[in-house]
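These notes concern the structure reproduced below.
The values are calculated or read from the model by the stated rules, or taken from the named source; none is laboratory data. Worth saying up front: this structure is predicted, and the values here are computed from it rather than measured. Cβ sites come from the backbone with ideal geometry, for glycine too, and all protein chains shown count toward neighbours. When the accessible area is computed, the model is the full protein with side chains, heavy atoms only, and any ligands, DNA or RNA have been set aside. Shrake-Rupley method; radii C 1.70, N 1.55, O 1.52, S 1.80 Å.
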Amino acid sequence: MLTLKNAAPAVVSNSALKTLKLLGQRHSRKLILTFLLVAAENITLLLYPLLAGFAINAIISGQALHAVLYAVMVFVMWAIGAARRSIDTRTFARIYAELAVPVILAQREEQHSASTIAARVALSREFVDFFEKHLPVLVTSVASIIGAAVMLLLLQFWTGVACLLILVFFALFLPGFTRRNEALFLRLNDRLEKEVAFVNSASRISLSRHYDVLARLRVKLSDREAFGYLAIGTVTAILFASTILTMSFKGGLDAGHIYSVMTYMWMFAMSLDDGPQLLEKYSQLKDIGKRVNTSTV
């Protein structure tokens, strides 16, 4: 068996994707059920602002029965969310239990040290976390961004166009942003793999240096995420300001329309806000995939 050091670059670069694909194929039934519930949540979230706008107009016009149907939709949304969270834990706890053993055996065959194996088993949990936590967020964010932009094109055309331009603007910075994240995770995970060995034998000075480097790397990653949030916040604040001014000058809009537009803008902004964290997770998984051999999954 080839060691990680001698493996072909093309195989290494695709190993994270390969691991996710193998996990998806092996546990397809469980994952399909989970993501059907995620899809149902997304549909209710996308309809929420529009139905809330109808409810506001119904309240103003005294149509109580029509307005109270909004409460039914709220209950359905929370019921679907509760079912998904209950199924999530059962599904992903079992997937990780089945993943850990082949990871350990694969690293043993490659004759890695016990400290490296322990670190890589812990890192392999990130693949399961991706399915449990980050993939639902990714699906929800993409659906909300696209759905909100489409609804804004229908309700407030130029605001919808501005949303599409914002997406293009941030897409231009993605390659450079992710490359820098990957470089930081390479250094961070190199350190984590050596941590058990450091704990067992390193001097006080070496330990201090080790944890100081870990702290600085994590701070750099956090600062990059914070900068991404600030950039998104700045652009979306401009979006809100321009839309509010446009609607104010136009006049004659009913309360339901204004509420729907504002809520779809907020949905777009909050979903876009998930971007820095998801990009960081992508970079982390890409580096872990180069280290952790899960070929026996």
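Observations, loosely collected:
- Rg ratio (alpha-carbon, reference 2.2 N^0.38 Å) - the stretch 162-297: 1.52
- Net charge contributed by nearby residues that have their C-beta within less than 13 Å of A226 (K/R +1, D/E -1): -1
- Using the average count of surrounding beta-carbon atoms within 10 Å as a protection proxy, the listed peptides 44-53, 153-162 rank, highest first, as 44-53, 153-162.
- A simple count of charges around E182, restricted to other residues whose Cβ falls under 11 Å of its Cβ and scoring Lys, Arg +1 and Asp, Glu -1, yields +3.
- Between helix 204-250 and the chain: long-axis angle, C-alpha atoms, 0 to 90°, nearest 10: 20 degrees
- Taking the C-alpha atoms only, the angle from helix 255-272 to the longest principal axis of the chain is near 10 degrees.
- Here the accessible area of the chain is 68 percent carbon and sulfur, with a 1.4 angstrom probe and all protein chains present.
- Against the set (1) 1, 6, 13, 18, 20, 18, 13, 8, 3, 1, 0; (2) 1, 5, 10, 12, 13, 13, 13, 10, 8, 6, 4, 3, 2, 1, 0, 0; (3) 1, 5, 11, 14, 16, 16, 14, 11, 7, 4, 2, 0, the structure's computed P(r) over Cα pairs in 5 Å bins from 0, in percent falls on (2).
- Rounded tilt (10° steps) of 174-193 against the dominant C-alpha axis of the chain: 40 degrees
- Whole-Hz couplings from phi, Karplus 6.51/-1.76/1.60, listed for the stretch 76-88; x for Gly and Pro: 4, 4, 5, 5, 5, x, 5, 4, 5, 5, 5, 6, 3
- Whole-angstrom gap from the stretch 147-201 to the stretch 216-279, using each part's C-alpha centre: 16 Å
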